[in-house]
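Encoded as structure tokens, the structure appears first; notes follow it.
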Amino acid sequence: MTTVSTERGTRQQSTDDRAVITLRGVEKYFPIKEGALQRVVGQVRAVDGVSFEVRPGETMGLVGESGCGKTTLGRCISGLTPPTGGKIYFRLPDAAAARLDEIDAVPENERTQEQRKEVARIDAEHGITQLSGVGWRTYRRNCQVVFQDSFSSLNPRQLVKDIVGRPLRVYREASGQELTENVVSLLESVGLGRQHLYRYPHQFSGGQRQRISIARALALDPEFIVLDEPTSALDVSVQAQILNLLHELQSERGLTYLFISHDLGVVRLMSDRIAVMYLGKIAEHGTAHELFEDPRHPYTEALLAANPDISAEVSEMKGLSGTVPDPANPPEGCRFHTRCPVATPACGWEVDDAVAWLQTNETLLAGLLDVERRSNFDATLVFSDAAAAGAVDDAIQNGNVPAPMKTALADLSTDETKVHIRFTAVEPVELEDIGGGHLTACLLHTSQGRGIRE
Amino acid sequence: MVDVLAPETATVRVDGPWTVRLRRLADVSKQVLSNPTTLVGLVIIIALLSLTVLAPVLTEPNFPNPYQMPRDWGVRDAPPGTPGHILGTTSTGGDVFYGVVWGARTSLRLSLIVVGVTVTVGTIVGSLAGFIGGKLDEILMRTVDVLLAIPELIFALAIAAVLGPSFGNIIFALSVVFWVKYARIIRGQIIHVKQNEYVDAARITGDSKLNIYRRDVLPNSVTPVMVQATLDMGGIVLTAATLSFIGLAEAGLVEWGVLVSDGQAGISAGKWWASTFPGLMVFLWALAFNLVGDGMRDVLDPRTEGR
Amino acid sequence: MTVRAQTSQQQATTPLVASVRDLRVHFEAKAGRVQAVDGVSFEIRDGETLGLVGETGCGKSVTARSFIRLVPTPPGIYAGGEIDFWSTEARRTGGDPVDLLEIPHDDMLAIRGDRIAMIFQDPGKALNPALSIRSQMAEVFYQHRSEEILMAMGPDVPRIVRRAARQRTTGLERILLKVPPWRAKAAELRRRVDDLVSQALTETQIANPRKIMDSYPHELSGGMKQRVLIAQALACNPDLLIADEPTTALDVTIQARILELIAELQERLETSVLYISHDLSLVKEICNRVAVMYAGRIVETGTTEEIFSNPAHPYTRGLMAAVPSATHQRGKLAAIEGTVPELIDPPPSCRFNTRCPYAVDICRTTDPTDVDLGETHRVACFIYETSLDSAVRPSRERKTS
């Protein structure tokens, strides 16, 4: 539609041998600051070690509940905020990805000079935080975003023509009459028209404003669009229009999508592959079909069970107990174990779990004076008197403590007013391929948990 | 929501960009004027402004300096209604009517200069602090905090006192004092506006920081400044009158505060007019701009605008 | 979840809790009168859950708020109709209903929170951030249960404590309540109210309610806040609970728990529920009957069974087809084209005619009336108006473009 510039890059050439976006161990921590001097007292781990790639022409779905880090991850990928750890690559060739895998397998201090140089070269060529000049501009114009809130994502003081035409103006693609015509054709491609050129965003309905956002994202003919909950604010009949439009545009223009949503039905419909996020980590990752028909993580199962399905004959919605833990202090082992209905003793039971359980009782922790914490698995609770300590000991021994937690308890002893609690320490649960690109981070299915299954 | 998709007939009349922008301006103006108190304020402002324009027609300008009170030592303390001195004269033979009329010019000059300077300085400082943020924000805002901790009037008084009594120094002193408020307002607005996704969207398009500031951030941040500036157009005249009243302007200047000060000695002797009429003008001036400012605030509230 | 065993025969004999007849709520706007709710009629029977579904701006929330007169006037205008309400007492004694739109303000205050309670969409906004959960919950009991509490405290309650229970104390009296001889009785009053609060919170399966009572809203998660609000709403065992999108702001896993909770409490307390939602699949889960609203009118009413297995109105059908599900193919969602019409002084017509695939001339010029499709199934669509000549009648076989 517009002149082809060098920045448009290699899209017209073969795209089989490279990904569009590759994430390798991406982390985004937000510091928690306190006091007048703004001392950093902790980190909120919004995204905590996420790896996946998005291949050309596909739709990758990212699903999870509020606060799971999916939006932060989207912002990292679109370059709005730099990750605090890990790497995001744009158009990383498969060969380079393989080399990175090989080099990553070598411990940091044993790498040769050549290997280090090679990593640095790949980072400089494809890492989005290191790109500059033409490389950066190529990435910037090929990676666009459609936001959830179309009220907030369109400047209320600009006319539609200025909003949609702005990317063209920034890259000097068009001006004057040509710009206007380009904008008209963009509007037409999203179901709006010439008569909408000179209107303000507030003169449109929610669905139409989202169409304007999509037109703006399409202006530079990008390869990749991050769709951050694009239909969450819309009514279902309008949502259907927008979803159809997005699909139509994808097949016409060969677009690649990252589709972020909390709505399982929508993600299932739109995505080829889906990653389920929980508390900053990926719990499960597979094709849409695998995830919905054969989920291999209890969290995915819980999401599916909680999702109301209009087409089901008989449905029983089931919820999850408890709340999402604090991402500044995520649970040990598997992050889902605090709410997991099928948790095992090896899932990461720790002192905080014991305290959380004791808190559900009105009186048990009334006499608590101090907690001496040696690690997340090992602590001493100090009480005001021996009776209180005894009561806690007794409650844990004989109360209805979750069975896996009780089994995970390595040591429970009372010494006057002190209660020592120690759990068996466990490693974090890693995401693992359980066959054919279906990845899960659940001990019930991975090799890491082979021991406990038997 | 308004249905703009439905009538998709071939004969849709497309308004040009300027028609649309002007219509929006007209809409906002109509809304501002629909409030009767705002309308009253506006009428008073127009009357006061006509006074400044018509000053040379209404009274003969004093020669050589029209901003110096003409003295007619022959008719001192004449009551209102005296031929040739419709509002009476002062104890030094100054024509009160002349003071009222030309005082409007002094006030306009004063408020335009002070508001112009303070809005500009405040916007620049506030924008640097809010848009760039970080250490710069800390430094600028702590400075602002310190300045805000000193009462405006006392601060202005101190500056003017050090520099010596002159109206120019009053203008300077007020400019030094009043920008701080704007810096605070615009910084707060910018930090708020920066969180909007349209700013992120502009960054995604790859536009420069300066353009993002110019097109997205500033236009959506200025309305509270406009409201405050309107309120200050009145407030500054009030403060300046206070400073002149306590003798920080040069004697004989045609300025309402000076005139009130000159006339106050006569009030106990029943010569009320020399102070009352200029005082009334200060009151009208401040009231009018306050009425309009408040009306603007109601209409321009960004939370309700355009919905 | 809920027992949906009520048959239509049982339905007809179950006494009414509320009956809305021809309700009209308009809003004065610059461009004219927005007819947000325009002739809405439905009934709520004892112990049932009625779902009121529709999309943004269809008037469902305005309808719900009209029950307790929460629509701000102006700009709102109650332009007509009535909402008859039978309290438990009225139903037992066979007494007359009260018209909620007509009763004096004081009577409404007595009904609000006591006989009719409401829970809102955003639990964050419905709680006062400056007050502890304890004091916000206690408010309800002081307001509606003060007499019972005083009765339970026995005859020798000083006047000043009685005034405290009725929330009529002045500043000085509040100080006096802190000193002997009144202190003991005032403390007893507080303790009794605390017990009631704690009991109400326990009902909603909140663990350790005493701890929750001492916390402030910002310390609680969204799901927990909604539980507190449900506890507050059900504290006085109301006859009617109005739930306005109570789970829209919550995550799905929490949503399911809250719905379970509402259903369970409803069954135990035998409260009738008016459940407002935009989400058809939720309504299907928890409602006995469903009323579908579009642009200020009810287009179809029926039992959940009837609405979901045999939807009649083109809008209901369109709405259901638009929900993405496992059987859909990408890009082939059945969207309802177009947007909701403006409701400023609309001409007589079916409000859905601009988006209806079957609309013919009559739909654009005449208000449709309700057609009975069965004992409990009603639809406002000309397709089913069999008395009409088939030449002017729209038909589901004939799509117009």
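The values are calculated or read from the model by the stated rules, or taken from the named source; none is laboratory data. Everything quoted here is computed from the prediction, not taken from an experiment. Reconstructed Cβ throughout: ideal geometry from the backbone, glycine too, with neighbour counts over all protein chains shown. Side chains included, ligands, DNA and RNA excluded: accessible areas come from the protein's heavy atoms. Shrake-Rupley method; radii C 1.70, N 1.55, O 1.52, S 1.80 Å.
For B:Lys30, go through the aspartates and glutamates and keep the ones whose alpha-carbon is under 17 Å away, minus same-chain ones fewer than eight residues off.
Partners within reach: B:Asp294, B:Asp298, B:Asp301, B:Glu305.
For chain A, give the magnitude of the charge dipole about the Cα centre (Cβ charges: +1 Lys/Arg, -1 Asp/Glu; no others), in debye to the nearest 20. Numbers along the way, then the final one.
Details: 46 positive and 62 negative charges, 461 e Å.
Computed charge dipole of chain A: roughly 2220 debye.
Using each residue's phi in region B:104-116, evaluate 6.51 cos²θ - 1.76 cosθ + 1.60 at θ = phi - 60° and report the 3J(HN,Hα) Karplus result to the nearest Hz, with x for Gly and Pro.
4, 5, 4, 5, 5, 4, 4, 5, 5, 5, 5, 5, x
Hey, what do the phi angles of region C:355-370 turn into as Karplus ³J(HN,Hα) couplings, whole Hz, using 6.51/-1.76/1.60 and θ = phi - 60°, x for Gly and Pro?
Along region C:355-370, the couplings run 10, 7, x, 10, 4, 10, 3, 4, 5, 8, 10, 10, 6, x, 10, 5 Hz.
Once you put a point 7 Å from the Cα of A:Asn400 and another 7 Å from the Cα of A:Asp326, both along the Cβ direction, what distance in nm separates them?
2.8
Could you compute Rg(Cα) / (2.2 N^0.38 Å) for the protein assembly as shown, with N its residue count? Write down the numbers at each step before the final one.
On the way: Rg = 35.6 Å, N = 1162, 2.2 N^0.38 = 32.2 Å.
Normalised by 2.2 N^0.38 Å, the Cα Rg of the protein assembly as shown equals 1.11.
Of the options A:Val164, B:Pro70, A:Thr72, report the single residue whose Cα projects farthest towards the positive end of the charge dipole of the protein assembly as shown (beta-carbon charges: Lys, Arg +1; Asp, Glu -1).
Looking along the dipole axis, the top candidate is B:Pro70.
Over the whole of C:271-284, what's the average partner chain Cβ count within 10 Å per residue? Rounded to a whole number, please.
Working: counts 0, 0, 0, 0, 0, 0, 0, 2, 3, 3, 10, 3, 2, 6.
Average neighbour count from other chains, rounded to a whole number: 2.
Modelled label-to-label distance, C:Glu219 and B:Val162, 7 Å Cα→beta-carbon offset: nm?
5.0
Between region A:52-96 and region A:192-223, how many Å separate their Cα centres?
Centre-to-centre distance over Cα atoms comes out at 25 Å.
Anything losing 20 Å² or more of accessible area from the isolated chain to the full protein assembly: pick those residues out of region B:17-54, probe 1.4 Å, ligands and DNA/RNA ignored.
Flagged in region B:17-54: B:Pro17, B:Val20, B:Arg21, B:Arg24, B:Gln31.
If packing is taken as the average count of other Cβ atoms within 10 Å, what order do B:20-33, B:220-233 fall into, highest mean first? Walk me through the numbers on the way to the answer.
Numbers: B:20-33: 13.5, B:220-233: 21.0.
Answer by packing, highest mean first, reads B:220-233, B:20-33.
Taking 22 Å as R0, compute the FRET efficiency from the Cβ-Cβ separation of B:Thr37 and C:Ala29 and round it to 0.05. Could you put the intermediate results ahead of the total?
Values: r = 23 Å, r/R0 = 1.03.
According to the calculation, E is roughly 0.45.
Express the accessible area of chain B per residue in Å², computed with a 1.4 Å probe while the remaining protein chains stay in the model.
Details: 14800 Å² over 307 residues.
With the other protein chains kept in place, chain B gives 48 Å² per residue.
In region A:61-80, what residues drop by 40 Å² or more of accessible area when the other protein chains are put back, versus the chain on its own? Use 1.4 Å, and skip ligands and nucleic acids.
At a threshold of 40 Å² (probe 1.4 Å), the residues of region A:61-80 that become less exposed are A:Glu65, A:Leu80.
Can you give me the Cα centroid spacing of region C:73-139 and region A:410-452 in angstrom?
51
Pulled fully out, how much extra length does the chain show between A:Thr180 and A:Glu416, if you take 0.36 nm times their separation in residues and subtract their Cα-Cα distance? It would help to have the intermediate numbers written out before the result.
Numbers: separation 236, 0.36 × 236 = 84.96 nm, distance 8.16 nm.
Here the segment from A:Thr180 to A:Glu416 would lengthen by 76.8 nm.
In a shell of Cβ-Cβ distance under 10 Å around A:Thr414, excluding A:Thr414 itself, what net charge do Lys and Arg (+1) and Asp and Glu (-1) give? Please report the intermediate quantities before stating the final value.
Working: positive: A:Lys418; negative: A:Asp393, A:Asp394, A:Asp415, A:Glu416.
After counting each charged neighbour, the total is -3.
In chain A, what percent of the accessible surface is made up of carbon and sulfur (1.4 Å probe, ligands and nucleic acids excluded)? Mind showing how you got there, number by number?
Working: 8900 of 18250 Å².
Percent of accessible area from carbon and sulfur atoms in chain A: 49.
Rounded to the nearest whole Å², what accessible area per residue is found for region C:187-279 with the 1.4 Å probe? Write down the numbers at each step before the final one.
Values: 3170 Å² over 93 residues.
Per residue, region C:187-279 has 34 Å² of solvent-accessible surface.
For chain C, what is the mean residue ellipticity at 222 nm derived from helices alone (per DSSP H run of n ≥ 4: -39500 (n - 2.57); sum divided by total residues; nearest 500 deg cm²/dmol)? Don't skip to the end; give the middle numbers.
Details: 16 runs with 148 residues, N = 401.
The helix-only estimate for chain C comes to -10500 deg cm²/dmol at 222 nm.
Kindly state, to the nearest 0.05, the FRET efficiency for B:Ile154 paired with B:Ile113, given R0 = 25 Å and r defined as their beta-carbon distance. Write down the numbers at each step before the final one.
Details: r = 22 Å, r/R0 = 0.87.
Efficiency at R0 = 25 Å is approximately 0.70.
Count charges around B:Thr106 for me, please; just the other residues with Cβ under 14 Å from its Cβ, Lys/Arg as +1, Asp/Glu as -1.
On the way: positive: B:Arg105, B:Arg109; negative: B:Glu250, B:Glu255.
Summing Lys and Arg as +1 and Asp and Glu as -1 gives 0.
What pairs from A:Lys281/C:Lys225; A:Lys87/A:Lys117; B:Lys135/B:Lys194; A:Lys33/B:Lys135; A:Lys28/A:Lys117 go past 22 Å between their alpha carbons?
Details: A:Lys281/C:Lys225 27 Å; A:Lys87/A:Lys117 16 Å; B:Lys135/B:Lys194 18 Å; A:Lys33/B:Lys135 15 Å; A:Lys28/A:Lys117 25 Å.
Over 22 Å Cα-Cα: A:Lys281/C:Lys225; A:Lys28/A:Lys117.
Where Lys and Arg each count +1 and Asp and Glu each count -1, what net charge lies around A:Ala386 among other residues with Cβ under 11 Å from its Cβ?
Details: positive: A:Lys418; negative: A:Asp385, A:Asp393, A:Asp415, A:Glu416.
Taking every Cβ under 11 Å from that of A:Ala386, the sum is -3.
Shielding by partners for A:197-203, please: the mean number of other protein chain Cβ atoms within 10 Å of each residue's Cβ. All intermediate terms of the calculation are to be shown ahead of the outcome.
Values: counts 5, 8, 6, 4, 2, 5, 6.
Other-chain Cβ atoms within 10 Å of each residue's Cβ, averaged: 5.
Are any of the pairs A:Lys70/C:Lys332; C:Lys211/C:Lys284; B:Lys209/C:Lys125 more than 30 Å apart by Cα-Cα distance, and if so, which?
C:Lys211/C:Lys284; B:Lys209/C:Lys125
List the residues of region B:193-230 that lose 50 Å² or more of accessible area once all protein chains are present, compared with their chain alone (1.4 Å probe, heavy atoms only, no ligands or nucleic acids).
B:Glu197, B:Tyr198, B:Asp200, B:Arg203, B:Ile204, B:Thr205, B:Arg215, B:Asn220
Taking the Cα-to-Cβ direction at C:Gln329 and at A:Lys318 and moving 7 Å from each Cα, how far apart do the two end points lie in nm?
The modelled label-to-label distance comes out at 3.4 nm.
Per residue of region A:278-283, what does 6.51 cos²θ - 1.76 cosθ + 1.60 with θ = phi - 60° give for ³J(HN,Hα)? Whole Hz please, x for Gly and Pro, Karplus curve as stated.
9, 6, x, 10, 7, 8
Taking a probe of 1.4 Å, how large is the accessible area per residue of region A:60-105, in Å²?
Details: 1440 Å² over 46 residues.
For region A:60-105, the per-residue accessible area is 31 Å².
Please average, across the residues of A:158-170, the number of beta carbons from any other chain that are within 10 Å of each residue's own beta carbon, and give a whole number. All intermediate terms of the calculation are to be shown ahead of the outcome.
Details: counts 6, 4, 2, 2, 2, 4, 0, 0, 8, 6, 1, 3, 6.
That works out to 3 on average.
Can you grab the distance from the C-alpha centre of region B:49-87 to the C-alpha centre of region B:140-198, Å, no decimals?
Using only Cα atoms, the two centres lie 36 Å from each other.
When a/c is below 1.5 the answer is rounded, else prolate if a/b is larger than b/c, else oblate, so apply that to region B:239-293 with a ≥ b ≥ c taken from the square roots of the Cα gyration tensor eigenvalues. Intermediate results must be reported in sequence, preceding the final value.
Working: a/c = 2.79, a/b = 1.42, b/c = 1.97.
Judged from the Cα gyration tensor, region B:239-293 comes out oblate (a/c at least 1.5, b/c at or above a/b).
About the Cα centre, and with charges only on the beta carbon of Lys, Arg (+1) and Asp, Glu (-1), how big is the dipole of region B:14-78? Nearest 20 debye, please.
Numbers: 6 positive and 5 negative charges, 60 e Å.
Dipole of region B:14-78, to the nearest 20 debye: 280 debye.
Treating only the Cβ of Lys, Arg, Asp and Glu as charged (+1, +1, -1, -1), what charge dipole size does region C:111-228 show about its Cα centre? Round to the nearest 20 debye. If you can, show how the numbers build up before the last one.
Numbers: 21 positive and 13 negative charges, 72 e Å.
The calculated dipole for region C:111-228 is roughly 340 debye.
Order of A:337-347, C:199-209, A:231-241 by packing, highest average Cβ count within 10 Å first? All intermediate terms of the calculation are to be shown ahead of the outcome.
On the way: A:337-347: 21.3, C:199-209: 19.1, A:231-241: 23.2.
Ranking the peptides A:337-347, C:199-209, A:231-241 by packing returns A:231-241, A:337-347, C:199-209.
Enter the per residue convex hull volume of region B:135-261, computed from alpha-carbon coordinates, in Å³ rounded to the nearest integer. Before the final figure, lay out each step's value.
Values: hull volume 15.2 nm³, N = 127.
Residue-normalised Cα hull volume stands at 120 Å³.
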